[in-house]
Amino acid sequence: MNIKEKAAELCDDIRVYWKKPPVGRYMSFREIVSLAVGGLGIQFVVFCAQNMIISIGNTLLSNTIGIAPKPLYIIYLLSVIISFPLTALRGKIIDSSRSKKGRYRPFILSMGIPTAILTIGFVFMPYERMSMFAKCLTVLLYNVGLQFFYMFYYDVDVSIINVLSPNTIERSDVTSIKSVVNSFAPTLGNIILPLVARAITGENTLVDIRIYRTFYPPMVVFGFFLGLLAYFNTEEKIVQAKTHTIKIKFMDALRAVVRNKYFWIISLATWVAFLENAVQSIMDWLYSYQDACSAAEYSLIITIRGNASLWPMLFIPFLIRIMGKRKILVISNIINVIFIILMLPIIRYGDLSHIIWPLMFCFFFNYMAAHAVTLLTPGVNGDIRDYQQYVTGERIDGMFVAVGAIGSFITLLTNSALPELYDRAGLNEEVARSLGFDGSNVYEVLSDPMYFKNICSVLIIAATVGASLNVIPYFFYDLTEIKQKAMVTVLKIRALFEDYGNGVLSDAALVEAIDIIEESKLYYGQDTVKPTKDGIKKAKKTKDKAAVKKAKEEYKKLKERNEKIEIAQFVVNEINKFETEAVKSQVEEAKKIFDAGLEGLYSLEIPSMKAAKSLPKNTDAEKEIRRNEINRVRMIKDSQKTLKKHYSDGIEKFDVRIFDRLFEKEDAFDAEIKETVNALREASKQHDKEAEKTAKEKIKSLRKERETVRKKIKEVTDENSIYTRAAKPYLEAEKLLIQRENYMHYEDIKQGYEESKKRNEEEINRRLAEAEELKAKRREYAAKAKEQRKNKGGKNG
């Protein structure tokens, strides 16, 4: 098949699978395009807003607005402290989201509007007439809003891919496509910004607030509206049932995440890299203070540097399949260290008027490595959340961000090093005055070549240390693509038995799960064989193409066999878990709690935490028993505390059916409001004032009634949340016993396999036939159109 035929097939696939995903995939082409282009819009907003977030070395806040390093660190300190409750609140809102639109999508709209307003308002504040205190206070207050709305908006853009597909390879593929498209935002921004700056100021500078007042507002408005594509045209695939929506306490989330070693490995890599970005301002400084090149030349330099992000976008999906995420993370960070070190001799011994191109070369590879890590981040975060769900049975998304805010305590301490480095290197008021400046903007020191070299050299050394520390944690990250696939497989099996118990088992889910289990039984206990390419090399020497092809196929089959063996360990262990000592002891305890009922929770004896922690932990089974006992102690303690506070007169089972009734009412009001709004528009077109007035009054009344229902939903959700914490030992016991009962019916489920397989195959064949029929019709239509154009051209001739 030649390139033209492949392109034609791709076009056919896009048309056929525009609204429905291909078999085995979860996202349609419409969703992928909307996510990518909508993400581009969001990145236009991010390009502007990220420069307003307080950080050490921020050019807009320091060089342009004129906040000195030490005052900047003080407001940075305050902004981080303020961010703790805001971050926790963001996490709670996401994990408690019950919208039919999903967990993340609704916030593209609701957080995008205030983000746009704050971003535009920020640049129009009269900083030129403010004192240092007023500047700091203004920037800090805006950051309070941005810490919530902008960070929420940004997190949604980064994290939404985790709920659009449970397939880690598909997530990586789509992330790569999205990243290529999204990269146009900073690329265009960085090209245009120096040219706009030159047109406004007549100088080679980026440190005039008028530049940002002219450039940011149109970019933000355009980006916001473009970003709505991702809101309207995507569908979340991992959406919890409304009755399952409970508010998650921060400490509950923390306890759950404590068991997730991969979360802490990735977090540690971030925390220890506090100095890595110290060099990021050097290029801007060289242009603004040393007049190293013209505006047009600097636009070209920024464009080339930005182009570095393109190459990881193109190759990351393939590299993941070949190397895996861990190896890419390690290699990328090592490359980063090497090219940061190379900047030092360029700065120290080069002529400042001629070093911007060699420096750009180093930054090109620095950006390439950094962007490779950035591209992997959504995929890694998605895998970590899958692991969390595998370990705890609950999917925690938003609270990961909240728990991650703990690292801000560490960055508070580590980031204090940068202002001190700036000051000791000469970026201070005393040196500014000694050079003949008034000291109001200490960054004017960078105009002096000697101090410029000293300050930049210090920052490069600091960045080298930070980047080197950043590599170390990734050596301990062993969550491979196969392990992630195995965990998702186990989650599917759990869903199979849960759906069986609820009477909602689908043919596709039954067939997939049974096939997995039966295949795993065949491969369980077999030894893996490390695949080598010796056979391929040997076949290549013979120059026999058939032999080479056969060797490659054998190598591929061996890798697939090893993968099946590894997945089989997870699957069979899951199926047989009720035969292990750890789970047997859980079942016995669960029977006692369940038989005693809800009232039995009041007399439930709180076990000794000391005794639980003193249990042996020599084997995996002993560790599991010990961990379960510690969690049980904490759960019972929390239950007793909640019972005493909220249910001192007794507890009754919460009727979750109330949610269905309230949601039906809310949906009815939504539909009626939409219908009335359409009637209002029609009345407005017909210039019927009386009908307009009636419609407006009705809309107002309906919205008031809907708000009453929503308040009731919030009240009931709070009640359900409190009940869940109070009754948790009973609910967990019930859940375990139901799961055990469902697992015992595997043979019963298996009996329906053949009929389900037949129906599932018929459905798959029907979908494939529809796709092929649609392709054929489109080809026929294209051929007719081509023939008509040809005939029309002949007549005209």
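Those residues that are assigned to a helix (DSSP H, G or I) and either out of contact with any helix residue (DSSP H, G or I) (no Cβ under 8 Å at 6 or more places or on another chain) or more than 24 Å from Ile565 (Cα to Cα) (or both), I need them from region 533-549; list them, please. Full working, then the answer.
If we filter region 533-549 for residues that are assigned to a helix (DSSP H, G or I), which is where we start, we get 534-542, 545-549.
Residues satisfying the conditions are Asp534, Lys537, Lys538, Ala539, Lys540, Lys541, Thr542, Lys545, Ala546, Ala547, Val548, Lys549.
Ala509: part of a helix (DSSP H, G or I) and either open to solvent by 10 Å² or more (accessible area, probe 1.4 Å) or in contact with an Asp or Glu (Cβ under 8 Å, 6 or more places away or on another chain) (or both), yes or no?
Numbers: part of a helix (DSSP H, G or I): yes; either open to solvent by 10 Å² or more (accessible area, probe 1.4 Å) or in contact with an Asp or Glu (Cβ under 8 Å, 6 or more places away or on another chain) (or both): yes.
Considered against the rule, which asks whether it is part of a helix (DSSP H, G or I) and either open to solvent by 10 Å² or more (accessible area, probe 1.4 Å) or in contact with an Asp or Glu (Cβ under 8 Å, 6 or more places away or on another chain) (or both), Ala509 comes out as yes.
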Worksheet item: Among the residues of region 146-160, is any acidic (Asp, Glu), more than 28 Å from the chain's Cα centre (by Cα) and at pLDDT below 90?
Response: no
Worksheet item: Out of all the residues in region 673-681, is one or more surrounded by 13 or more Cβ atoms within 10 Å (Cβ to Cβ), outside any helix (DSSP H, G or I), touching a residue at least 24 places away in the same chain (Cβ under 8 Å) and aliphatic (A, V, I, L, M)?
Response: no
Discussion item. Step by step: first the residues of region 598-651, then only those that are of a type in the set (Val, Ile, Thr) and either under 14 Å from Ser585 (Cα atoms) or within 34 Å of the chain's Cα centre (by Cα) (or both), then the one that is surrounded by the most Cβ atoms within 10 Å (Cβ to Cβ). Which residue is that?
Written reply: Ile625
Item to complete: Mind telling me which of the residues Ile334, Ile340, Ile328 ends up being touching a residue at least 60 places away in the same chain (Cβ under 8 Å), open to solvent by less than 30 Å² (accessible area, probe 1.4 Å) and assigned to a helix (DSSP H, G or I)?
Response: Ile340
Worksheet item: Checking Gln526 against (1) open to solvent by 60 Å² or more (accessible area, probe 1.4 Å); (2) over 25 Å from Gln484 (Cβ atoms), which single condition isn't satisfied?
Response: (2)
Worksheet item: Looking only at region 136-165, which residues are more than 20 Å from Leu228 (Cβ to Cβ), open to solvent by less than 30 Å² (accessible area, probe 1.4 Å) and either touching a Lys or Arg at 6+ places or on another chain (Cβ under 7 Å) or not aliphatic (A, V, I, L, M) (or both)?
Response: Cys136, Thr138, Asn143, Gly145, Gln147, Phe148, Asn162, Ser165
Worksheet entry | Residues satisfying the stated conditions in region 267-288, i.e. surrounded by fewer than 22 Cβ atoms within 10 Å (Cβ to Cβ), of a type in the set (Ser, Thr, Tyr) and either within 13 Å of Pro194 (Cβ to Cβ) or modelled with pLDDT of 80 or more (or both) | Ser267, Ser281
Worksheet item: Which of the residues that make up region 560-593 are farther than 30 Å from Thr532 by Cβ, of a type in the set (Asp, Glu) and either touching a strand residue (DSSP E or B) at 6+ places or on another chain (Cβ under 8 Å) or touching a residue at least 12 places away in the same chain (Cβ under 8 Å) (or both)?
Response: Glu574, Glu581, Glu589
Worksheet item: Based on what the data block shows, is Lys530 free of Cβ contacts under 8 Å to residues at least 60 places away in the same chain, of a type outside the set (S, T, N, Q) and part of a helix (DSSP H, G or I)?
Response: no
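With the structure loaded, tell me whether Leu310 is in contact with a His (Cβ under 9 Å, 6 or more places away or on another chain) and open to solvent by 10 Å² or more (accessible area, probe 1.4 Å) or whether it fails that test. Step through it out loud before you land on a result.
Details: in contact with a His (Cβ under 9 Å, 6 or more places away or on another chain): yes; open to solvent by 10 Å² or more (accessible area, probe 1.4 Å): yes.
When the stated conditions are applied, Leu310 passes them.
Any residue that is under 28 Å from Lys637 (Cα atoms), modelled with pLDDT of 90 or more and out of contact with any helix residue (DSSP H, G or I) (no Cβ under 8 Å at 6 or more places or on another chain) - is there at least one of those in region 701-720? If you could, list the steps in order and put the result at the bottom.
Kept after step one, since they are under 28 Å from Lys637 (Cα atoms), are these residues of region 701-720: 714-720.
Of the ones still in play, those that are also modelled with pLDDT of 90 or more are none.
Scanning region 701-720, I find no residue that is under 28 Å from Lys637 (Cα atoms), modelled with pLDDT of 90 or more and out of contact with any helix residue (DSSP H, G or I) (no Cβ under 8 Å at 6 or more places or on another chain), so the answer is no.
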Item to complete: For region 254-303, enumerate the residues that are closer than 24 Å to Ser55 by Cβ, in a helix (DSSP H, G or I), under 29 Å from the mean Cα position of the chain (by Cα) and not β-branched (Val, Ile, Thr).
Response: Phe263, Trp264, Ser267, Leu268, Ala269, Trp271, Glu276, Asn277, Ala278
Item to complete: Could you grab me the full set of residues in region 682-710 that are open to solvent by 70 Å² or more (accessible area, probe 1.4 Å), polar (S, T, N, Q) and assigned to a helix (DSSP H, G or I)?
Response: Thr694, Thr708
Practice prompt. Determine if region 736-757 includes at least one residue that is in a helix (DSSP H, G or I), among the basic types (Lys, Arg) and free of Cβ contacts under 8 Å to residues at least 24 places away in the same chain.
Written response: no
Worksheet item: Is it the case that Asp386 is of a type outside the set (A, V, I, L, M) and buried (at least 22 other Cβ atoms within 10 Å of the Cβ)?
Response: yes
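Within region 59-111, which residues are closer than 20 Å to Arg385 by Cβ, at pLDDT 80 or above and crowded, with 20+ Cβ neighbours inside 10 Å? Break it down into steps so the answer makes sense when it comes.
In the first step, residues of region 59-111 are kept if they are closer than 20 Å to Arg385 by Cβ; the result is 87-99, 101-108.
Imposing the further condition that a residue be at pLDDT 80 or above reduces the set to 104-108.
Across region 59-111, the qualifying residues are Tyr104, Arg105, Phe107, Ile108.
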Item to complete: Could you check Ile347 against (1) open to solvent by less than 10 Å² (accessible area, probe 1.4 Å); (2) over 23 Å from Asn333 (Cβ atoms); (3) at pLDDT 90 or above and say which number it fails?
Response: (2)
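The values are calculated or read from the model by the stated rules, or taken from the named source; none is laboratory data. The model shown is predicted, which means the values in this text are computed figures rather than measured ones. Glycine also receives a Cβ, built like all others from the backbone with ideal geometry; neighbour counts cover every protein chain displayed. Each accessible area value is taken on the protein alone, full model and side chains, heavy atoms only, with ligands, DNA and RNA left out. Shrake-Rupley method; radii C 1.70, N 1.55, O 1.52, S 1.80 Å.
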